[in-house]
Structures are given as structure tokens and as C-alpha cells.
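Enquirer: Dumping the structure here so I can ask a few things about it.
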Amino acid sequence: MGLFNRKKPSNKRRPATATRMDGYREDFMDYESQFTGQPQRFGDTRPVYTPLMADQDYELLDNIIHKNGIARKVVTKPAQDATRNGWRIIYPNDPKKQEQYQKALDALGLKRSLCQELIYYYAHGDAYGTIGIYSPMLDNNTAKPFDPKKQSISNIAFFHVFGQNHVQKIEVNDDPTDINYMKEAAVVINQTKSGDTVDANGTIKPGIPKTKQIVIDKSRYFHISLDKFEDDDTGNSIITRCWDQIHVLDTALYSVGKLLYAYDINVLTDDGAGYDPDDPVSKAEFDQQNKILSQNMGTDSILNLHNGQTFQRFSNNVSGIENLLTFAWQQLAAASNIPKSVLLGEQAGTLAGATTDVANYYDGVKSLQEELLRPQLERIIELLMWSTDVAGGSEDPDSVDWKLVFNPLWSADDKTQSETFQNTANAVATLVNSGIKDPDEANQMVDGQNNNAVQGMQTQTKGDSIDQGVTMEQAKRLMTELKKVIHDNEKSSD
């Protein structure tokens, strides 16, 4: 439906609390929350929506995210940034195994899954991820606890995420003196069904709903909650937290649209007799005159007025509206922990200010990675190491030297990367040339570094060429580069 092309309802409008959204949408939230078709005061909208949002209506939350671009960005922006550049396994003592583990990790499609999990986390307040274990000898009853130290596994079959919509209410241990304080025993899922199938004739057969509840033991799933306190049954959606700010911006968008539509109006005053509403002829002449004025009022138009007629142009005064809109964006930035410059995709004031905003935002994203994503990824990597069909066989993760690092959230420019690459190469060459490190130790030192701009020097996954190692041509080229760096260092020291 267009912005201003609105069809008036024929009957009294029901409030949002009286109906499900089920795909129905009008242009702006004010109209959704009114008992009548036209809002009277902005403050009237608040008492209608507040209890609805407190009830965590997941269908309504999803509808708002689907239809409101600002709400969608608040929900999806941190999730996309936290998973966009991925992560790496560092296994410095065995680069070949590092590549194999990285390939197995990438095969699970975790970037997409974890991004969706964080979207559920922000949208619903709760998000879950379940691990599917593959082993011919293992009882895969999801209700039973699983311990890879006691039960042999072959591989990880999948990592699937889901929201709170089909999860039954679950109680956590609220005894602060218990070792399992604030932990869950299991999660119960209901109202599930198998997917639709298609036969050879193209007939779609709907999936059959499953009446049996699914129980997943705590050892087989992850659960993250947003703004959940001790006595809360579920987490709270970020839409609930930012509801007032999103509502204000939605109202501002509607108001600005109305303002632009009537920003400049033309008024023709006629001191004559005018027209008789009961006279069709005079009314037709009046309408025709207004139509001509509307169609021909351009910059090069000529207006011919009769005696007794005056023409004026009225414009709305919009001074100060920018400050009001800026205030609304600042409030949303404060509520969502996303800087205004990041929300709008523009720099805030000075370059230094924008840089600080972005740096602070990425610090928050990094904290999100460390707090929520790292435990899940490390658990998955540990299961891959216990798997007999990955990287040559099972091994105890606690017995080897490995770690997980997240790739940089942003990339330096080409000049900075080039300078970093050169400085690192010079440092490595100096260590080798002075006898402090041998070439193998220097290689392990580079591979063991965390995020930096010299990932081209580090071990990378090469698809199907994992078992081929370094070719003779690559080795010669590497030696030539190292000799050149060493020669340049000796020449500069002279």
C-alpha cells in the first residue's frame, strides 16, 4: 500500500491487541495501535502496545522486523558483523591438521547458522543451537546426556539453530548455593512437523505434525538469552527495549512524509461570488480552474488573475525538525548500543568522532563474539577433535596446543597491510639470519599469531590441495623472497 494512498476502513478499527498480524499491514505503527482510524495524540499509542510487547508475542515481533527497516537493522546488524569475517583454528605444531580442522569446521556452515542464532537472540530474546552427532555405535537419543570422553563419535552431522517460538517454558536452577545455579537440565520442543514432500507427479504432500515432544539434553544444545534476569521465564527482545525509539522514528517518518506532501501549497482567493455547491455548472468551472492551476504552476508559468482574485504560495516552516530527528536517532543509538553513524551508515560530525564511534561499536561486537560465540565454537572444535573421521583420527583437545581466533572485524587499507607484511617479514628474516630461530620455528611463530594483516603468510585452507603440501615452485619463490629481505637488511645495516 502506498504512503498516502490509504483506503479508509468501513468499520471500527480493532486495536493491535485484538488481532494477530498474519501478514496484514498498514503503513505506520500509529494506525495499528488506534481504536479509530486517525490518531489523535501520539501519547495515546503507548498504553495499547506496552502490555502486548511485555507478553513477548513472537508473531508480532517477527512481523515488525519483517516490515520495519529500522527494527530489522537493530536486530540484524550486530549479528551480521559478529559473523561476517569468520574465524580460524590455530594449530601451530601441525599446519596440515590445522587446515583439515578448518575445512571440517567450514563444512558445517557455521557463519550462516550462528548469524541466524544471534538474530533470534536479538529478535526473541532467546536463541538455541543444537549439535547433531554422527556415530554408528552411538545412541542418538537426544534426551540422553552425551560425553565425548566416554562415547566414541565419528563426526558432527549438523549444527541447527532455532528460536523460542516452539520451546516450552523451562525452569532453571535458581538456588545460588547450588553448583548448577541458573543452568537448565533440558529443553522441550513441541508443535514440530516434517517438511512437505513432492511425489513423482508433482503433488505436494504436507508434512505431518509431530505430536511427540522432543527433549534435548543440556549437553547437546546451547542457549543464549538477552536481558534475562533471575526470575524471568524468557529473555527479552531488543525490540521491546527499543520500542519507544523505533515508534518515535516511525511516527517521524509518517510526519515527514505528510509534511513533504503538503510542503508547498498554492492558495487562490476570489472576492467574487464564487460558486454555488448546488449548481453543477459553477462547481465544474471551479474544479476546472483548480485543475489548471495545479497542472501549470511551474517555474516558467504565467498566472493571469481577474479583478478580485489574489494568489499566494504558503510553505511549511521546517526549521528545527532536523534537531528533533537527530534526537530520535540518538535515543535509538543509546537504547540499541549501535552508534548513530553505524545505524545511518554515515560519519558523525568529524572524522575522529566517527572513527571513535565505529571503534567502540566493534569493541562491543568483539565482546559479543567472546561471550556468546567462542564457547559454542570451541565446543564444536573439541567435538571435531574427538571425531574419528576428522583430521586422521580422534585426539584429546586438552592434550594438544590449539586455539580459536576471530578474523578482524575490519580490514586495513592496502598501504597499511603492505607495511605490516614487510615489517613482519623483516622481523622473521632477522630472527632466522641471527640464528635465534630456525625456519621451521619462524614459520610456526607466524602461524601462531592472532589477528593481523599478514594472513597471506599464514597457513590457509586450500580446498582439495590439503594433502599436497608446498610445491617446489612455491618453496623456491619463498626462498627468493626471504633472501631478498635478508639482503636488504644487510645492505641497510652497512
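Enquirer: Structure shown: which of K97/K150; K340/K403; K77/K103; K183/K205; K149/K437 lie over 32 Å apart, alpha-carbon to alpha-carbon?
Expert: The pairs that break the limit, which is 32 Å between Cα atoms, are K340/K403; K183/K205; K149/K437.
Enquirer: At 7 Å along Cα-to-Cβ for each site, give me the label-to-label distance between T299 and Q213 in nm.
Expert: Output for this residue pair reads 7.1 nm.
Enquirer: Now a separate question. Probe radius 1.4 Å, ligands and nucleic acids left out: which of S135, S319, S418, S301 has the largest accessible area, and how do the rest follow?
Expert: S319, S418, S301, S135
Enquirer: Quick one: Karplus J couplings for the range 201-209, per residue in order, coefficients 6.51, -1.76, 1.60, θ = phi - 60°, nearest Hz, x for Gly and Pro?
Expert: In residue order, the calculated couplings are 8, x, 7, 8, 9, x, x, 8, x Hz.
Enquirer: Can you sort H66, H247, H223 by 1.4 Å-probe accessible area, starting with the largest?
Expert: Result of the area sort, largest leading: H66, H223, H247.
Enquirer: Which order do you get for C115, C242 if you rank them by accessible area with a 1.4 Å probe, largest at the top?
Expert: Descending order: C115, C242.
Enquirer: Here's another thing I want to ask about it. Apply the Karplus parameterisation 6.51 cos²θ - 1.76 cosθ + 1.60, with θ equal to phi minus 60°, to every residue of the range 227-235 and state each ³J(HN,Hα) to the nearest whole Hz, in sequence, with x for glycine and proline.
Expert: My calculation for the range 227-235 gives 6, 9, 9, 4, 9, 7, 6, 9, x Hz in order.
Enquirer: Another question, then. Which residues' amide hydrogens lie under 5 Å from the amide hydrogen of K210, considering only partners 5 or more residues apart or on another chain, with H built in the peptide plane?
Expert: The list, which skips near neighbours in sequence, is T192, K193, S194.
Enquirer: Quick check for you: with a 1.4 Å probe and neighbouring chains kept, what is the accessible area per residue of the range 178-218, in Å²?
Expert: With all protein chains present, the range 178-218 gives 76 Å² per residue.
Enquirer: Using amide H atoms built in the peptide plane, which far-off residues or other-chain residues are under 5 Å from I153 H to H?
Expert: Those qualifying (amide H under 5 Å, at least 5 residues apart or on another chain) are T388.
Enquirer: For the range 162-176, take each phi angle, set θ = phi - 60°, evaluate the Karplus expression 6.51 cos²θ - 1.76 cosθ + 1.60, and give the result in whole Hz per residue in order, putting x for glycine and proline.
Expert: 7, x, 8, 4, 9, 9, 6, 4, 10, 9, 10, 6, 10, 8, x
Enquirer: Return the carbon/sulfur percentage of the accessible area of the range 229-275, one whole number, probe 1.4 Å, all protein chains in place.
Expert: Looking at the range 229-275 in its full context, I get 54 percent from C and S.
Enquirer: On a C-alpha basis, how far is the centre of the range 369-395 from the centre of the range 88-124 in Å? Whole number, if you could?
Expert: 9
The values are calculated or read from the model by the stated rules, or taken from the named source; none is laboratory data. In this text the structure is predicted, and so the values were computed from the model without any measurement. FYI the Cβ positions are ideal-geometry reconstructions off the backbone, even for glycines, and counts take in every protein chain you see. Ligands, DNA and RNA are stripped out before the accessible areas are found, and what is left, the full protein with its side chains, is counted by its heavy atoms. Shrake-Rupley method; radii C 1.70, N 1.55, O 1.52, S 1.80 Å.
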